[in-house]
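Data first, discussion second: the structure below is written as structure tokens.
Where a number appears in this text, it was derived from the coordinates with a stated rule and is not lab data. Quantities reported herein were computed from a predicted structural model and do not represent experimental measurements. As a convention, Cβ positions derive from the backbone with ideal geometry for all residues, glycine included, and neighbour counts pool all protein chains shown.
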Amino acid sequence: MAEERVLYEGKAKITYATDDPNVVRLYYKDSATAFDGKKKGTIKDKGPINSAITEVFFKLLEKAGVATHYIDRPSDREMRVKMLRMIPLEIVVRNVTAGSLAKRMGIPEGTALSSTILEYYYKDDSLGDPLLCESHIHALEICSKENLAKIGKTAFKVNEVLTPFLAQRDIKLIDFKLEFGFDSEGEILLGDEISPDSCRLWDAKTNEKMDKDRFRRDLGQVEEFYAELNRRITS
């Protein structure tokens, strides 16, 4: 059947074709990877949790005027979305120093930034997803100036919407990754997912890490913190 045809299997999701060429079905897996796939494991119920949190975020963003590829969520591990021709960029929005930024700049992790940072990474695991500046992107013709400006504006809008929403739930939005693509009409939509896999989310009272860094850094209690994020965000 067409709806069972696998179009692509990634680290966290499987993409299936449907009867509509402009719609695909995403299946969220429990598998977890880090460091460009060098570290592998499983986080119990990660698929349903990431799917549920992503749905909440996409619905919230749609209400705020951010166009996404989300259509609906027919089951706890599945999401129907619009087929996108993805732009090979990872857009990272940073509010607080953490991860690679803290290492590159020599700034203690957890330092609040005076203004939000927007970074671009070329999406290619074989190259280690290198950091790019706008001149690289334009010279390599990865994305036009007009479309990159639109993506950047949308990324800041996502931050403006999600930061207070999470703060109300005692969660700090440290940083997060976004991906964008073109739909069948040529419109740029927010795609992929927004979940504990693609965000750094800390407890606002304790600064306890609640996201995939617990898996990356062998901090333990990974499943417990994913479940707690799910409770706070989706309840």
Report task. Return the Cα extents of segment 121-235 along principal axes one, two and three, sorted largest first, each rounded to a whole Å. Result -> 43, 30, 24
Query raised in the report: If amide H atoms are built 1.01 Å from N in the plane of the peptide, which residues on other chains or at least 5 residues away come under 5 Å of the amide H of GLU208?
Result: ASP203
Query raised in the report: Between rounded, prolate and oblate, where does segment 66-178 land on the alpha carbon gyration tensor, with a ≥ b ≥ c its root eigenvalues, rounded for a/c under 1.5, else prolate if a/b exceeds b/c?
Result: oblate
Query raised in the report: In whole percent, what relative contact order does segment 85-221 give with Cα contacts below 8 Å and a gap of six or more residues?
Result: 23 percent
Query raised in the report: Given 10 Å bins starting at zero, what is the percent of C-alpha pairs of the chain in each, up to the one with the largest pair distance?
Result: 7, 32, 40, 19, 2, 0
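To make sure I understand, if each residue's beta carbon is the centre and we count other beta carbons within 10 Å, what order do GLU179, GLU141 fall in, fewest to most? Please list the in-between numbers first.
Working: GLU179 20, GLU141 7.
Fewest-to-most Cβ neighbours within 10 Å comes out as GLU141, GLU179.
What percent do you get for the relative contact order of segment 2-82 when only Cα pairs under 8 Å and 6+ apart count? Kindly include the intermediate steps, with their values, before the conclusion.
Working: 137 pairs, mean separation 19.8, N = 81.
It rounds to 24 percent for segment 2-82.
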Report summary line: HN-Hα couplings for segment 203-213 via Karplus (6.51, -1.76, 1.60; θ = phi - 60°), in whole Hz with x for Gly/Pro, come out as 5, 5, 8, 10, 6, 5, 6, 10, 10, 5, 4
Requested in this report: For the chain, set up a Gaussian network in which alpha carbons nearer than 10 Å are linked by springs, and say which option among ILE107, ILE188, ILE137 fluctuates the most.
Outcome: ILE107
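Using 0.36 nm times the number of residues separating PHE156 and ALA34, minus their current alpha carbon distance, what extension gain do you get? Mind dumping the intermediate values first?
Details: separation 122, 0.36 × 122 = 43.92 nm, distance 2.58 nm.
So the extension gain works out to 41.3 nm.
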Query - Set LYS157/LYS205; LYS63/LYS123; LYS103/LYS212 screened for pairs whose C-alpha atoms are more than 22 Å apart - result: LYS157/LYS205; LYS63/LYS123
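Using Cα pairs closer than 8 Å and at least 6 residues apart in sequence, work out the relative contact order for the chain, in percent. Intermediate results must be reported in sequence, preceding the final value.
Details: 424 pairs, mean separation 43.7, N = 235.
The value is 19 percent.
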Report summary line: Sorted by chain and then number, the residues having a modelled amide H within less than 5 Å of the amide H of LEU132, at least 5 places away or on another chain, are TYR120, TYR121, TYR122
Requested in this report: Please pull out the direction-averaged projected area of segment 2-44, using the convex hull of its alpha-carbon atoms, in nm² to one decimal place.
Outcome: 3.4 nm²
Query raised in the report: Each label point is 7 Å from the Cα along the Cα-to-Cβ direction; what then is the distance between the points at THR111 and VAL56, in nm?
Result: 3.2 nm
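Using a Förster distance of 25 angstrom, determine the FRET efficiency expected from the C-beta separation of ILE14 and GLU224, and round it to 0.05.
Numbers: r = 26 Å, r/R0 = 1.04.
So, using R0 = 25 Å, E works out to roughly 0.45.
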Query raised in the report: Which value, to two decimals, describes the C-alpha radius of gyration of segment 101-152 once divided by 2.2 N^0.38 Å?
Result: 1.36
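Mind checking the full-extension length gain between ALA64 and LYS205? Use 0.36 nm per residue of separation minus the Cα-Cα distance, one decimal, nm. Mind dumping the intermediate values first?
Values: separation 141, 0.36 × 141 = 50.76 nm, distance 2.75 nm.
Stretched out fully, the ALA64 to LYS205 stretch lengthens by 48.0 nm.
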Report task. List, largest first, the extents of the alpha carbons of segment 2-82 along their principal axes, each in whole Å. Result -> 36, 32, 22
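Quick one: net charge of PHE58's neighbours, Cβ under 11 Å, K/R +1, D/E -1?
Residues near PHE58 contribute -2 overall.
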